[in-house]
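First comes the structure, then the notes that go with it.
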Amino acid sequence: MGLYFDPHELSDFARYYGFHYDSLDPMALVREILIDMERALAGLSSSLPMIPSYITPISKVQPGKTVLALDAGGTNLRASLVSFNEQGKAAAGGSIKLPMPGTAGRVGAEQFFGMIADAVVPLLLSASDINGIGFTFSYPMEVQPGGDGILTEFSKEVDAPDVVGKSIGAGLREALAHKGHVYDGPIVMLNDTVATLLSGIASIPADGMVDEAGAAARNAYGTAGGPVIGFILGTGFNTAYPETRIPKIGFDSKDAPQIVVCETGTFNLRYRGPLDREFDSGTKNPGAYTLEKTTSGAYLGPLTLHILKHAVKDGVIRFRRSDELLAMGQLETRTLNEFSRAPLAAEGPLGSLFGLDEGGALAAVQYLTSIVTERGAMFSAAVLAATVERMQAGCEPYSPVRIAVEGTTYMVYKGMRRSLEAWLHTMLVREKPRPYVIAPVEQASLFGAAVAALGSAGGSR
């Protein structure tokens, strides 16, 4: 029993239940995503919202400008003064971090905005000149053409129901005025995926010569770096990219594209087997976010546990304490990752179940986990390949598409980054070479918010 490990049987198990990546056509998935993107942009029925941001990505950040950047996350509210040097690199100073208003108990709208203003006022007073406020707001909102955003709902962590339906930027202005500080400059609200994209513009260099001091690339042709895609693969899953045509809002501009938030995690994924559907039926939102449920950190651990339980029931994984695995109520993605990175340590709620003579069962668990990861990487790469194809970009060898990535699932989940990038390369060079650069960005929410504020204030050139 301890030595039992049959990769052929395990692969057949994965194929039978419809979650093996080799049963899928990745290029067909790319085409399906493209069709859904186009339908949504035209205002037709689609599983992708394709939300306009009313923000134009700037090609170069003007140095010497200072903006106030805000980031409202699930736990904390961060505020910082962000400036850019001659090479366009961002630096944050005077940073303030507070608990997100409403996470320590219910607050009304006035108190909610007042707490945000309390973080903003000291920074406004400490800077001689503020060129704008950029506000990354990681909650669902309807972004308005003028840059403000109307909150549509809060997650359960924030208890501030009176804020729903209100304009966040306008609420902050009013709160600042109540504290005796009138601010009449731009306030730009943006989604965290848009912030990731904008941060990539400032932090991922285009191809070219860079000297030891990090000076900007020499460019005799005056050609800007390639377009930037924002990609989040963490607890959730999302993409954003610059779009030249959005028929549903009458937008058509080749010279000044607008960033669109795809909400790609909502894509209606047809490539799901019975175990995927069973797992989905037990989530809080059955039938929704079907792609996200195969790729993101919120679901990879629980989905893999569901599959492992069926493998035990079907007898393809056998070990003495298998009943304890069947009784496990949950398996967080973080815990699964810790196991996958050191399975032979025999530690944690999963690794400790196997005896020292049950290496075969241990290998079987790792094998099925890798198949689930590989499939998630392939789905993620297909989304990125479709986005590059939609932009009709990436053919100029000296101007590669830059993919800015934020998220712990991409960065630390075992096998995800390597597999995703391998699938993406295969997809993008299948018909013709499409040069690209994919790289993580740091402090994306703050730095992206700063870039958005500068763009609104005319801080680009």
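The values are calculated or read from the model by the stated rules, or taken from the named source; none is laboratory data. In this text, all values refer to a predicted model and were calculated from it rather than measured experimentally. When we count neighbours, we look across all protein chains shown, and the Cβ atoms used for this are built from the backbone with ideal geometry, even at glycine. To get the accessible areas, we keep the full protein, side chains included, count just its heavy atoms, and leave off ligands, DNA and RNA. Shrake-Rupley method; radii C 1.70, N 1.55, O 1.52, S 1.80 Å.
Residues that are among the small types (G, A, S) and either in a helix (DSSP H, G or I) or in contact with a helix residue (DSSP H, G or I) (Cβ under 6 Å, 6 or more places away or on another chain) (or both) were ranked within the stretch 297-335; the one that is nearest to S47 (Cα to Cα) is G297.
Within the stretch 359-389, the residues that satisfy the criterion of being under 18 Å from G225 (Cα atoms) and either out of contact with any Ser or Thr (no Cβ under 7 Å at 6 or more places or on another chain) or not in a helix (DSSP H, G or I) (or both) are V388, E389. Is it fair to say T223 is modelled with pLDDT under 90, of a type outside the set (A, V, I, L, M, F, W, C) and in contact with a Phe, Trp or Tyr (Cβ under 8 Å, 6 or more places away or on another chain)? The answer is yes for T223. Residues that are crowded, with 23+ Cβ neighbours inside 10 Å and over 26 Å from the mean Cα position of the chain (by Cα) within the stretch 364-377 comprise A364, V365, listed in sequence order.
The rows are residues; the columns are (1) open to solvent by less than 20 Å² (accessible area, probe 1.4 Å); (2) touching a residue at least 12 places away in the same chain (Cβ under 8 Å); (3) among the hydrophobic types (A, V, I, L, M, F, W, C).
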{"position": "F13", "(1), (2), (3)": "yes, yes, yes"}
{"position": "Y21", "(1), (2), (3)": "no, yes, no"}
{"position": "L24", "(1), (2), (3)": "no, yes, yes"}
{"position": "M27", "(1), (2), (3)": "no, yes, yes"}
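The criterion of being open to solvent by 40 Å² or more (accessible area, probe 1.4 Å) and either at negative phi or among the charged types (D, E, K, R) (or both) does not hold for A361. Please specify each residue of the stretch 75-101 satisfying the condition of being of a type outside the set (S, T, Y) and in contact (Cβ under 8 Å) with a residue 60 or more places away in the chain. The answer is R78, V82, F84, E86, Q87, G88, K89, A90, A92. Under the condition of being in contact with an Asp or Glu (Cβ under 7 Å, 6 or more places away or on another chain) and either closer than 14 Å to S399 by Cα or modelled with pLDDT under 90 (or both), the residues counted in the stretch 227-252 number 1.
If you check L384, L331, L336 for being touching a residue at least 60 places away in the same chain (Cβ under 8 Å), at negative phi and under 25 Å from the mean Cα position of the chain (by Cα), only one passes: L384. The residues on offer are G149, G114, G134, and the sole one that is under 24 Å from S199 (Cβ atoms), touching a residue at least 60 places away in the same chain (Cβ under 8 Å) and open to solvent by less than 70 Å² (accessible area, probe 1.4 Å) is G134. Pairs are defined by a Cβ separation below 7 Å, a sequence spacing of at least 6 or placement on different chains, a first member in the stretch 246-270 that is free of Cβ contacts under 8 Å to residues at least 12 places away in the same chain, and a second member that is open to solvent by 60 Å² or more (accessible area, probe 1.4 Å) and not in a loop (DSSP other than H, G, I, E, B); the pairs so defined are D252/R245. Just so you know, in the stretch 402-418 the residues that are of a type outside the set (V, I, T) and surrounded by 21 or more Cβ atoms within 10 Å (Cβ to Cβ) include one that is farthest from T369 (Cα to Cα), and it is R402.
Checking each residue of the stretch 169-187 against the condition of being of a type in the set (A, V, I, L, M, F, W, C), modelled with pLDDT under 95 and under 25 Å from the mean Cα position of the chain (by Cα) gives at least one match. Against the list (1) closer than 24 Å to K166 by Cβ; (2) part of a loop (DSSP other than H, G, I, E, B), the condition E86 fails is (1).
Return a yes/no flag: does the stretch 450-460 have any residue that is assigned to a helix (DSSP H, G or I), crowded, with 23+ Cβ neighbours inside 10 Å, at pLDDT below 90 and in contact with a Pro (Cβ under 7 Å, 6 or more places away or on another chain). Within the stretch 450-460, one or more residues are assigned to a helix (DSSP H, G or I), crowded, with 23+ Cβ neighbours inside 10 Å, at pLDDT below 90 and in contact with a Pro (Cβ under 7 Å, 6 or more places away or on another chain).
Search the stretch 411-447 for residues being small (G, A, S) and at pLDDT 90 or above, and hand back the single one that is nearest to V82 (Cα to Cα). Restricting to residues being small (G, A, S) and at pLDDT 90 or above, the top hit is A439.
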